[in-house]
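The values are calculated or read from the model by the stated rules, or taken from the named source; none is laboratory data. Since this is a predicted model, take the numbers as computed values, not measurements. Here the Cβ is made from the backbone with ideal geometry for all residues, glycine too, and neighbour counts use every protein chain on show. Side chains are part of the model used for accessible areas, which takes the heavy atoms of the whole protein and leaves out ligands, DNA and RNA. Shrake-Rupley method; radii C 1.70, N 1.55, O 1.52, S 1.80 Å.
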Amino acid sequence: MTVDMSADVKRLSGVGPAVAVKLGKLGINTVGDLLCHFPRAYEFRGNVKTVASAEDGETASFILTVMAPPTSAKTRTGLTIFKLPAGDGTGGCTVTFFNQNYIRSAFTVGASYRFYGKVNRRGRTVELSSPVYEPYSDKLLPLFPVYPATEGFGSARINRLISAIIDRPDTVLPENLPDEVIQAEGLMDRTDAVRAIHHPASLEQISEAKRRLAFEELFIFAKNARSRKKKISSGPRAEMSPCDCTPFREMMRFEPTAAQKRVMNEIYSDLTGKNGKAPMRRMVSGDVGSGKTVCAQFSAYVACENGYQTALMVPTEILAKQHYDDTAPLFAMLGKRVRLLTGELTQKEKNAVYAELQSGECDVVIGTHALIYDKVVFKNLGLVICDEQHRFGVSQREALLKKGNGAHMLVMSATPIPRTLALVLFGDLDVSVIDELPPGRRTVRTAYRDESSRDAVYAFIRDQVDQGRQAYIVCPGVEETEDDGLIPIEALGEGFNAESYDREMKRRKAAVNYAETLCTDVFPNLRVGYLHGRMKSSEKTAVMGAFERGELDILVSTTVIEVGINVPNATVMLIEDAENFGLSQLHQLRGRVGRGKYASYCILMADSPGQAAESRLKMMERESNGYKIAEFDLKQRGPGDFIRENDEKIRQHGALKLRMAGALDDARLLYRAFEWAEKYTED
Ligand code: ADP
Ligand code: MG
């Protein structure tokens, strides 16, 4: 039976109005939404341990034979405890259950079951408390899905709803990829892929299903973007003609870099219609400090010369003020009027700006989302510029664009992302990259070190602090996630090895304690602040504020440091277990130092991380260009990490959440999805 993907979930049995509300909270409104609610992780029940090797606190599977019927006893608090004696060839184990009367008759003495749960070990005594269990057979699936859930509607209930559909052998899902594409790419069909992702029979199946589902998402994503782009080109356009740009060039306080010149040329061609009849939709991407502002100013100049107004929208009041201070004097010299519009202005001041925008006296307005309000009316808005593009959703940008007729748009982004990837992910934008920093910029000296240099590294940090500087120490921990023994979907695939994964997790747990001992043992006489994932956001703000004011010498952080933090006095960034980060992430982290007038350093600690990781860390030592790093990273690790790290940005942009593409480790697949989408986009 072919599933009607667009049917309301309420049509399913077991989904009444109350359940429908809960599902709605998870973004599940249709049957299709439900089937595309993919597991976030799996319990790896195939990871079977022996009783003798069970470690206290771990979550694992055991295949145990039941020795005797369960005994029951009452606790002081009135609970009934059932104790089931069981064991494997290596030792005995007590399996306990609370208050579940059916346990009395649930097991057959002498039969084997697979139990999955948390181990309590005290010396030789091993106990499994409230595990899940299934009669043992060699057909048991090794992986059990765990879903993103909501209050009052847990993963198990979601699993039951999904199983009711996909476990029926005659269930078929409508295919949404062209047959030609499936054949050419060797993809699983949709029905098999959806079945496999929910109830995988093997790691290979997960890999295959992930590949197919990621491809599908990217294909649809790219198709949507291409159609949006086509639609724009059939709409109106603010016409601009070539103008004399010499006055602007003479006003510039520096010689533009080759990259800046190239980008300005691209913008000029867009605005003056040399690149076709669609209004400009361009993203300028460049590392922090690469000089994007002057490109934005240049485009505003061209708009002004053509008699159009420009709106520059930025995410914060501080940024708006900075841009205003930078731009207003420059444009005043060119005879143009720049105004600032933020929520902080008095009503009277705002009204004055509104009036100037409506009459056309004001040429360029710089502001926050205050620009979107209805009261803001332009005489003839011809250009919209968004700085830090990801902070604004498509709808906010559209709202501003609608205040003009066929207005052009320029968005600026400070995350280095390989051009090829940007073209795919932001398919309705043209992409310009400023892949060069202005001359004379000081780079952050970067060194990769192992355990043998630890004392020297600490001494170096103490020395910097003695000189009055501050330091960051980043140690990735897993304290944010419960130790639930789950394996996230991104980690699973053909090459997955349960034992090394276990080892890695144990090591990371140790990192959390390490962060604490840094404060107490390593730098006892320095002022050390500690930032971790479980803190309330007010606590985090307090610690970061103290660091910003110089009241702390060292900021130890187990999470990735907030992007907003800017402390020019900080000169050292020590990153522990650096091999666990993507290179682009390391590059972003490194960008936290080197913001002031002092020489700055980044130390990447990793202990025998293996050859591939070592070559990545060595690359960080010699390379300071964010784009080269990102390209290298994309080749080595595939696009999944980029997609995950830029998740919010992509969702804001494409108005589509990529659920599976974040698990993609093959960049070629992404490009092919994009090429196929081109081919299948209707004219
Ligand atoms: P971002 O790309 O982060 O927005 P900005 O445009 O703010 O970078 O530029 C950072 C700094 O570099 C500014 O002080 C700017 O004046 C300066 N700058 C930009 N381009 C050049 C250049 N070609 N030569 C020298 N300095 C430049
Ligand atoms: Mg900027």
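Arrange the residues 269, 13 by how much accessible surface each exposes, largest first, with a 1.4 angstrom probe.
Details: 269 25, 13 110 Å².
Sorted descending by solvent-accessible area, the residues read 13, 269.
With a 1.4 Å probe and all protein chains in place, put 536, 223, 336 in order of accessible area, largest first. All intermediate terms of the calculation are to be shown ahead of the outcome.
Numbers: 536 130, 223 60, 336 35 Å².
Heavy-atom accessible area, descending, gives 536, 223, 336.
What is the calculated FRET efficiency for residue 52 to residue 466, with r their C-beta to C-beta distance and R₀ = 41 Å, to the nearest 0.05? The partial results should precede the final answer.
Details: r = 53 Å, r/R0 = 1.28.
Once the sixth-power term is evaluated, E becomes 0.20.
Over region 46-140, what is the mean sequence separation of C-alpha contacts under 8 Å (at least six apart), divided by residue count, expressed as relative contact order in percent?
On the way: 214 pairs, mean separation 28.8, N = 95.
Once divided by the residue count of region 46-140, the mean separation gives 30 percent.
For region 246-434, with all protein chains present and a 1.4 Å probe, just round the carbon and sulfur fraction of the accessible area to a whole percent. Intermediate results must be reported in sequence, preceding the final value.
Details: 3740 of 7300 Å².
Accessible surface attributable to carbon and sulfur in region 246-434 totals 51 percent.
Just read off the accessible area of residue 601 with the full protein assembly in place, 1.4 Å probe, to the nearest 10 Å².
50
Could you pull out every residue, at least 5 positions away or on a different chain, whose amide H is within less than 5 Å of the one on residue 409? Hs are placed 1.01 Å off N in the peptide plane, and Pro or chain starts have none.
280, 281, 282, 384
At what distance in angstrom do the alpha carbon centres of region 321-388 and region 397-449 lie from each other?
If you average the Cα positions of each part, the centres end up 23 Å apart.
Just to be sure I follow the definition: excluding the sites themselves, where is the longest run in the chain that has none of the GluC sites (Glu not before Pro) in a DSSP loop with at most 15 other Cβ atoms within 10 Å? Write out the running numbers ahead of the final one.
Numbers: sites that count: 55, 151, 175, 239, 344, 361, 480, 482, 494, 551, 562, 682.
The longest such stretch corresponds to 563-681.
State which helices in the chain qualify, where a helix is a whole DSSP H run, it must extend 30 Å or more along its own axis by its Cα atoms, and its mean Kyte-Doolittle hydropathy must be at least -1.0. Don't skip to the answer; put the middle values down first.
Working: long enough: 203-233 (45 Å, -0.66).
Helices passing the filter in the chain: 203-233.
With Cβ to Cβ distances under 12 Å as the rule, what net charge do the other residues near residue 24 carry (K, R +1; D, E -1)?
Details: positive: 10, 22, 25; negative: 8, 33.
It works out to a net charge of +1.
Nearest 500 deg cm²/dmol is fine: what mean residue ellipticity at 222 nm does the chain get from its DSSP H runs of n ≥ 4 alone, each adding -39,500 (n - 2.57), divided by its residue count?
Details: 22 runs with 256 residues, N = 683.
Estimated from H runs of four or more residues: -11500 deg cm²/dmol.
Just the number, please: Stokes-Einstein D of region 256-360 in µm²/s, Kirkwood Rh from C-alpha pairs, 10 °C, 1.306 mPa s. Intermediate values should be presented prior to the final figure.
On the way: Rh = 15.3 Å.
Calculated translational D: 104 µm²/s.
Once both labels are modelled 7 Å past Cα along the beta-carbon direction, what's the residue 254-residue 77 spacing in nm?
So the two model labels end up 6.4 nm from each other.
By the scheme Lys and Arg +1, Asp and Glu -1, what is the net charge of all other residues having a beta-carbon under 9 Å from that of residue 270? Let's see the in-between values first.
Working: positive: 274, 281, 282; negative: 266, 430.
Once all neighbours under 9 Å are counted, the net charge is +1.
Please work out how much length the chain gains when fully extended from residue 2 to residue 318, using 0.36 nm per residue of separation minus the C-alpha to C-alpha distance, in nm with one decimal.
108.3 nm
For the cross-link pairs 336/403; 292/336; 506/618; 540/618; 292/597; 22/223, which exceed 24 Å when the distance is taken from alpha carbon to alpha carbon? Intermediate results must be reported in sequence, preceding the final value.
Working: 336/403 21 Å; 292/336 20 Å; 506/618 26 Å; 540/618 33 Å; 292/597 21 Å; 22/223 31 Å.
Correct reply: 506/618; 540/618; 22/223.
Could you please state how large a percent of the accessible area of region 445-623 is carbon and sulfur, counting protein chains only and using a 1.4 Å probe?
Working: 3930 of 8300 Å².
With neighbouring chains kept in place, the figure for region 445-623 is 47 percent.
For region 246-434, build the charge dipole from Cβ charges (+1 Lys, Arg; -1 Asp, Glu) around the Cα centre, then report which of 433, 399, 415 sits farthest towards its positive end.
So the residue furthest toward the plus end is 399.
Could you check the spin-label model distance between residue 456 and residue 346? Points 7 Å from the Cα along Cα→Cβ, value in nm.
Between residue 456 and residue 346, the simple spin-label model gives 6.2 nm.
Relative contact order for region 445-623 using alpha-carbon pairs under 8 Å, separation at least 6, rounded to a whole percent? Mind showing how you got there, number by number?
Working: 259 pairs, mean separation 60.5, N = 179.
The normalised contact order for region 445-623 reaches 34 percent.
I need the calculated FRET efficiency for the pair residue 622 and residue 540, taking r as the beta carbon distance and R₀ as 35 Å, to the nearest 0.05. Could you put the intermediate results ahead of the total?
Numbers: r = 34 Å, r/R0 = 0.97.
Once rounded, the FRET efficiency stands at 0.55.
Could you give the alpha-carbon Rg of region 141-245 over 2.2 N^0.38 Å, rounded to two decimals? List each step's numbers first, then the result.
Details: Rg = 20.9 Å, N = 105, 2.2 N^0.38 = 12.9 Å.
Here the Cα radius of gyration is 1.62 times the empirical estimate.
May I ask which residue of 608, 188, 550 lies farthest towards the positive end of the charge dipole of the chain, with charges of +1 (Lys, Arg) and -1 (Asp, Glu) on Cβ and the Cα centre as origin?
550
Calculate the radius of gyration of the Cα atoms of the chain to one decimal place, then report Dmax, the largest Cα-Cα distance, as a whole number, both in Å.
Answer for the chain, Rg first and Dmax second: 29.2, 93 Å.
Among the listed pairs 230/375; 231/402; 379/402, which are separated by more than 20 Å between their Cα atoms? Don't skip to the answer; put the middle values down first.
Working: 230/375 31 Å; 231/402 15 Å; 379/402 13 Å.
From 230/375; 231/402; 379/402, over 20 Å: 230/375.
Give me Rg over Rh for region 1-117, both radii from the alpha carbons and Rh done the Kirkwood way, two decimal places. Could you put the intermediate results ahead of the total?
Values: Rg = 20.3 Å, Rh = 17.8 Å.
Checking Rg against Rh, the ratio lands at 1.14.
Heavy atoms only, probe 1.4 Å: what % of the accessible area of region 28-153 goes to carbon and sulfur, would you let me know?
With neighbouring chains kept in place, the figure for region 28-153 is 53 percent.
So which trypsin sites (Lys or Arg not before Pro) in region 6-109 pass both tests, a DSSP loop state and at most 13 other Cβ atoms within 10 Å of the Cβ?
Details: sites: 10, 11, 22, 25, 40, 45, 49, 74, 76, 83, 104; in loops: 40, 45, 76.
Sites meeting the loop and neighbour criteria: 76.
Keeping every protein chain present and rolling a 1.4 Å probe, give me the accessible area per residue for the chain in Å².
Details: 30990 Å² over 683 residues.
With the other protein chains kept in place, the chain gives 45 Å² per residue.
With only alpha-carbon pairs counted, each pair once and no self-pairs, how large is the Kirkwood hydrodynamic radius of region 120-181 in angstroms? Please report the intermediate quantities before stating the final value.
Details: mean 1/r = 0.0623 Å⁻¹.
Kirkwood radius, region 120-181: 16.0 Å.
Place a point 7 Å from the Cα of residue 192 along the Cα-to-Cβ direction; which residues of region 154-168 have their backbone N under 19 Å from it?
In region 154-168, the label zone of residue 192 (backbone N under 19 Å from the point 7 Å along Cα→Cβ) covers 166-168.
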